[in-house]
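Right, one structure below, let's go through it.
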Amino acid sequence: MKYILRLFFRLLYHQFAFAYDLVAAAVSFNRWRDWVRSVVPFIHGNRILEIGHGPGHLQRILLDGNLIAVGIDESAQMGRLAKHNLRRLVSRSHIHAKAQSPSSSTQGAYTRINLTRGVAQYLPFPDQSFDTIIATFPTQYISDPRTLAEIKRCLLDDGRLIVLPVTLPKNFFLEWLFKITHQSPTETVEIVKSRLEEPFVAAGFQTEIKTLDLKSGLLLIVVARN
């Protein structure tokens with residue numbers, strides 16, 4: 001079963017990247033993008049690296065906020081998809097700008113699209129390049145000691161790593177989880193939080209797990225300070 005799931009997610013992130021948004025929306029009851037957006041209030045500074053940028057939705061939010069956004073992803077298909085999505089927004093903003101003022105300039109955030117292909121264990125950036133590094137719903141690579149060492153290297157001394165690793169859906173799933181584990185909701189969440197922070201603490205980060213209680217689910221966000 002684990003092999004099948006790994007194969008499914010690999011195909012979804014590579015050959016079937018075009019279907020990623022549809023699948024994400026389906027499994028999250030159309031809340032996926034809201035969950036990704038939840039990391040924004042924890043951003044520190046204005047030089048931001050997103051590891052595993054996927055279709056580029058967070059990149060759009062960062063650029064809309066006039067932040068210096070860089071994205072890296074291992075998947076060539078996701079890289080092409082993200083560039084397509086962001087360039088489409090450039091076109092839309094150009095049309096809107098012309099409608100508002102024929103003489104207006106189209107130079108803006110979306111002219112600064114900066115996406116590259118690579119892996120988190122070997123980040124192609126100089127030391128202390130970023131104020132904040134973000135990863136939303138990453139796979140196991142995020143707890144790899146090589147990944148965390150690279151993140152520490154690329155962060156400023158007062159920089160922070162923000163990771164949204166998991167969302168606990170409410171209602172049926174949580175009720176089932178609590179029932180089979182014979183634990184209260186609070187106990188179960190605390191166990192998950194403790195396990196989540198272990199690799200970041202071991203890597204030398206000052207780590208805190210933030211909890212966001214939304215109608216659509218319980219979000220656990222790792223805020224790890226360099």
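What's the total number of residues in the stretch 49-91 that are more than 15 Å from the chain's Cα centre (by Cα) and among the polar types (S, T, N, Q)?
The number of residues fulfilling the criteria is 4.
For every residue, the table says whether it meets (1) of a type in the set (A, V, I, L, M); (2) surrounded by fewer than 16 Cβ atoms within 10 Å (Cβ to Cβ); (3) at pLDDT 95 or above.
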{"site": "Y3", "(1), (2), (3)": "no, yes, no"}
{"site": "Y13", "(1), (2), (3)": "no, no, no"}
{"site": "A25", "(1), (2), (3)": "yes, yes, no"}
{"site": "R31", "(1), (2), (3)": "no, no, no"}
{"site": "D34", "(1), (2), (3)": "no, yes, no"}
{"site": "E50", "(1), (2), (3)": "no, no, yes"}
{"site": "G54", "(1), (2), (3)": "no, no, no"}
{"site": "G65", "(1), (2), (3)": "no, yes, no"}
{"site": "A76", "(1), (2), (3)": "yes, yes, no"}
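Mind checking which residues of the stretch 108-136 are in a strand (DSSP E or B) and either among the acidic types (D, E) or in contact (Cβ under 8 Å) with a residue 60 or more places away in the chain (or both)?
Result: L115, F130, D131, T132, I133, I134, A135, T136.
Give the stretch 137-165 a look and list any residue that's in contact with a Ser or Thr (Cβ under 9 Å, 6 or more places away or on another chain) and assigned to a strand (DSSP E or B), or say none.
L155, L156, G159, R160, L161, I162, V163, L164, P165, listed by residue number.
Tally up the residues in the stretch 187-207 that are surrounded by 14 or more Cβ atoms within 10 Å (Cβ to Cβ) and within 27 Å of R146 (Cβ to Cβ), please.
9
Within the stretch 122-129, identify whether any single residue is more than 16 Å from M78 (Cβ to Cβ), at pLDDT 95 or above, surrounded by 15 or more Cβ atoms within 10 Å (Cβ to Cβ) and of a type in the set (D, E), and answer yes or no.
No.
Just for the stretch 202-226: of the residues that are of a type in the set (D, E, K, R) and under 28 Å from S129 (Cα atoms), which one is nearest to the chain's Cα centre (by Cα)? Steps first, answer last, please.
Just the residues of the stretch 202-226 that are of a type in the set (D, E, K, R), to begin with: 208, 210, 213, 215, 225.
Filter once more, keeping what is under 28 Å from S129 (Cα atoms): 208, 210, 225.
Details: E208: 17, K210: 15, R225: 17 Å.
So, considering only residues that are of a type in the set (D, E, K, R) and under 28 Å from S129 (Cα atoms), the one nearest to the chain's Cα centre (by Cα) is K210.
Any residue that is hydrophobic (A, V, I, L, M, F, W, C), surrounded by fewer than 16 Cβ atoms within 10 Å (Cβ to Cβ) and in contact (Cβ under 8 Å) with a residue 12 or more places away in the chain - is there at least one of those in the stretch 139-154? Before the answer, list the steps.
Narrowing the stretch 139-154 to residues hydrophobic (A, V, I, L, M, F, W, C): 142, 148-149, 151, 154.
So of that shortlist, the ones also surrounded by fewer than 16 Cβ atoms within 10 Å (Cβ to Cβ) come out as 149.
Still in the list and also in contact (Cβ under 8 Å) with a residue 12 or more places away in the chain: 149.
Checking the stretch 139-154: at least one residue is hydrophobic (A, V, I, L, M, F, W, C), surrounded by fewer than 16 Cβ atoms within 10 Å (Cβ to Cβ) and in contact (Cβ under 8 Å) with a residue 12 or more places away in the chain.
The values are calculated or read from the model by the stated rules, or taken from the named source; none is laboratory data. Predicted model, so just to flag it, every value in this text is computed and none were measured. Because the Cβ atoms are built from the backbone with ideal geometry, glycine has one as well, and the counts that use them run over all protein chains shown.
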